[in-house]
Each structure stands twice: as structure tokens, then as C-alpha cells.
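Bear in mind that the values in this text are calculations on the coordinates, not laboratory data. The shown structure was predicted, so the numbers you read here are calculated from the model rather than taken from an experiment. Every residue, glycine as well, gets a Cβ built from its backbone with ideal geometry; the counts of neighbours run over all protein chains shown.
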Amino acid sequence: MRTLRIVQYGVGAMGSNMVKLLQSKSAVRIVGAIDHDPAKVGKDLSEVSDLNKPMGIKIAYPPENVLDDGPIDVVLHATTAFLKDAYPQILAILERRANVITICQELFFPLGRNREMAMEIDRKAREMGVGVTAVGINPGFVMDIVPIVCSVPCWEVKRVFVRRVVDFSPYGPDEMRHIGAGISPQEFLEGVKQGIIGHIGLLETAAMVAHCLGLPVDELRQTKEPVITRKQRASRFITIAPGSVCGFRQNVAGLRNGETLLDFRMVGIVCPDSEEDGVTLGDYTRIEGTPNVDITIKEEIAQKGGMGTAAVAVNMIPRILNAPPGFHTMNTLALPYIWNGGLEPPPIQKITTSFLVL
């Protein structure tokens, strides 16, 4: 496999994780990095990504300073959850005939007005002969891809219930703003009314599951409420005072004529405390059908979602390169799995069978 030329667009908490993971891939060469933060521009990418060895890649802005500097195979895009903000950035990348893997949650399975922007992204990608997809850990794995894949042994699916309890401590300032961390309960509720507070992507997750499993959902109902801390909590990116919002509870119900076919419940907390918060980290899915399927994922992914988000993005590089031009949701791509970076595994040299002589 030839060496792939990769650009990292956005070097926050998630983008930094992607850079770290890419260092282990022999088939990859990072050729540029983009970030709008003046405190990062001009610094070596290794410094911002907490790597020990200088990389010789200076973080640059504006984007064209990197995008116009030679051919690019894939841009890993990690700047925003909102498609209206990601849209012009993605189009600019496509103009340079580069493939895009983004963690923009609203593009994961576009709904409402976002569908028009997704259609334009698809048109531009086809015109330029490259691919685009939106991925992540949630949306992108635990609450959607897991139940979708685990529906394979079912004759029929009647309902799906998914519960996720996650530690948001690894996430950066952008995600802290989305979940309302550190603000007052009243500010949280005002943000919910404005559509800017709460986890972005839960509606898209539910819609993809309904689509793939053939559930005739005709309405999605979403509720959001704050989790208030009684003690100070501190992560790498934020310190939260007692009485402030430290997380959220968010539910999405998928209905058909008033009957609940999808029940998705998510709790996200910064520095969760099992005693105070009354939660246990982890993910659980129940598919009610023939047969029923129950899946439990222990707390490791819920604690290290930042690592998972980066891994999904990097592991999708071969999938988007092998896909036809255009915009792809994850369900239209080949089944993703961990990428070994282009190394061929050794051939199997020996096969043995043991048996017991009675």
C-alpha cells in the first residue's frame, strides 16, 4: 500500500488523539495541520498533540495555506458538531479533490435542513471524484452501529432500547459548551430552547437505527435535562463549581402512531461520581424481536470516548478510500474494523487440531 498523505483539520482534544494514533500507521504521512486557534498556529503539531518527538509540521491558518500545498489523500476533520459550520470547510476540502472523514455529528445521518447541505456535499464529492463520511463513537458506534450489526441474527425487530452512560471528562472545550458544562441550570434550559445545548447526534443515531432496521418510525421526541453537581469537578479542560451543570440526561423516543419503537437514553457527566450521580458507566442495548438480543459494553469505552472517536475516524480511512465518490453514511460503507496501517499480516504457517482419545 502506498503512503497516504493525511491532513489533520482541527487539533483539539479529538484531533490530537487522531494525530497520536496516526503515528502508529506505517502507511501514513501527516503532511499538514489546520486550526483557527491563534495559540496553536505556528506551533509544531507534536507540541499541541503531546508527542515527545518534533514532527516538523507547523499548525497553520487559514486552511488554504495547507490545502493548497500539494496533493492530499484524506483530511481528518474535527472542528464542530454543527453542519452549518462544517459545511463550508468540507466544501473547501472537496475543491482540492481530497477525501474527508469528519466527526461532525449532524452529518452522521442528516435530518431536516441538514439534508440539503448533505446533498450538496454529495454532489461536490461526486464531481471531484472523492468520498466523504461522518463518523465517531456516538454517533458512529455504541448506540447505532452496535444495534444495527447485532440485528443480523433476528428474523424480525419490533423495538430497540439503548442506554448509554458516559464520562465526558476527556472531551475538549467545544463539547463542554454543547453539554452546558459549568453553566447554571437556567442557562442550560435557555440553551435547550435555542437548540445549542445537549449532546449533538442522538436524533441522527435514532434515525439511522430506524432506517437500517426497517422500523416504521414517523416521529422522534427528544428531551434534555441538566445534571447539577454538589461538589467541584475538574477535568483537563474545565473546572465546574458546585451548583453548576456537570452533565445532562437526554432521551429520544421513536414513535409510530404513539407507540414507542425506539427508546434511546443517554447520560453524560464530567467526572462522574457513582455515589452522587447514581449511575454506572457503560452501554446497553436490547433488541426486542425474534430472537431478542442483549448487548452490554463495559465502562472502558464510556470512560475513554475520546480515544474511541479518534480510532473510529482513523480506522475508516481504508473504507472511504475504497468507496465510490460521494457522501456516505456509515451504513453504506464496507463493514469497518481496526486498521493495521497497511501492514500485511504474516501467512498462517501451521494449523493443528487436538482431540481427546477416549
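Counting every alpha-carbon pair across the stretch 175-222, the share separated by more than 14 Å comes to 57%.
Counting only DSSP H runs of at least 4 residues, each contributing -39500 (n - 2.57), and dividing by the residue count of the chain, the helix-based mean residue ellipticity at 222 nm comes to -8000 deg cm²/dmol. If you count Lys pairs in the stretch 1-153 whose Cα atoms are under 21 Å apart, skipping same-chain pairs closer than 8 places in sequence, the total is 11. Once each of the trypsin sites (Lys or Arg not before Pro) sitting in a DSSP loop with at most 13 other beta-carbon atoms within 10 Å is removed, the chain keeps 114-229 as its longest stretch.
Stokes-Einstein diffusion for the stretch 205-358 at 10 °C, viscosity 1.306 mPa s, with a Kirkwood radius from C-alpha pairs, works out to 80 µm²/s.
Normalised by residue number, the volume inside the convex hull of the Cα atoms of the chain is 185 Å³ per residue. For the chain, the share of DSSP beta bridges that are antiparallel, to the nearest 5, is 55%. Between the beta carbons of residue 95 and residue 123, assuming R0 = 22 Å, the FRET efficiency works out to 0.95 to the nearest 0.05. Place a point 7 Å from Cα of residue 39 in the direction of its Cβ. Which residues in the stretch 295-338 have their backbone N less than 12 Å from it? Within reach of a label on residue 39, which here means backbone N under 12 Å from a point 7 Å along Cα→Cβ, the stretch 295-338 contributes nothing. Applying 1/(1 + (r/R0)^6) with R0 = 45 Å to the Cβ-Cβ distance of residue 292 and residue 23 gives a FRET efficiency near 0.60. Note on the chain: GNM, Cα springs under 10 Å; of 152, 75, 312, the largest mean-square fluctuation is that of 152. Each Lys and Arg adds +1 at its Cβ and each Asp and Glu adds -1 at its Cβ; summed about the Cα centre, the chain shows a dipole of about 540 debye. In summary, the aspartates and glutamates within cross-link reach of residue 231, defined as a Cα separation below 16 angstrom excluding same-chain residues under 8 places away, comprise 273, 275, 276, 277.
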